[in-house]
């Protein structure tokens, strides 16, 4: 599957300060968390820190996953997880660029399938996001669910989106700006020339 838009050009090796003023977008930018803003997945961080030290909890969470309640177990893990956002590894060049977008007044939204409690903690630490959209115990905000939520809030084609995974393709299809960050293996074969900006 290929995303439907034409590339507006940016060399994947370019630094954030190589993006000229004419390439700046004014539309709100939705930023994915796991694998995009940070170079890890908060679900795995939660599992390692909450479940592995207390393995008797694992069966309860497996049951929730098997019964289609992923948003529920994410919320429960989010309530139990203790972490310092400053210890997370952020994507360096993308973090520099997105901070520059904030500095020039662009609206930024942290939009993630991680639980809201986790996302809000990270957003508060960074201090650059206008709002957080995240999984909440009812909706697992990924893929088509994320695309629907962003389209409902901003309108189709009226927001930019930065992501890293094939799961993000429905979101990019609804977005007006396609930003690929830390692409997973094989993703660029699907995206092709449709990315506006790429951070490797």
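The values are calculated or read from the model by the stated rules, or taken from the named source; none is laboratory data. Predicted model only: the values in this text are computed from it and were never measured. When we count neighbours, we look across all protein chains shown, and the Cβ atoms used for this are built from the backbone with ideal geometry, even at glycine.
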Does residue 96 satisfy being surrounded by fewer than 16 Cβ atoms within 10 Å (Cβ to Cβ) and closer than 23 Å to residue 46 by Cα? no
Going through region 15-54 one residue at a time, which ones are farther than 19 Å from residue 88 by Cα, surrounded by fewer than 17 Cβ atoms within 10 Å (Cβ to Cβ), at pLDDT below 75 and under 21 Å from the mean Cα position of the chain (by Cα)? 15, 24
Mind checking which helices (runs of 4 or more DSSP H) fall wholly inside region 35-112 and carry at least 1 residues that are within 20 Å of residue 132 (Cα to Cα) and not assigned by TED's automatic domain parsing to the domain that holds residue 125? 42-46, 70-80
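Could you say which residue among 191, 171 is assigned by TED's automatic domain parsing to the domain that holds residue 26 and under 16 Å from residue 30 (Cα atoms)?
None of the others qualify; the one that does is 171.
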Of all residues in region 70-93, how many are surrounded by fewer than 16 Cβ atoms within 10 Å (Cβ to Cβ) and at pLDDT below 80? 2
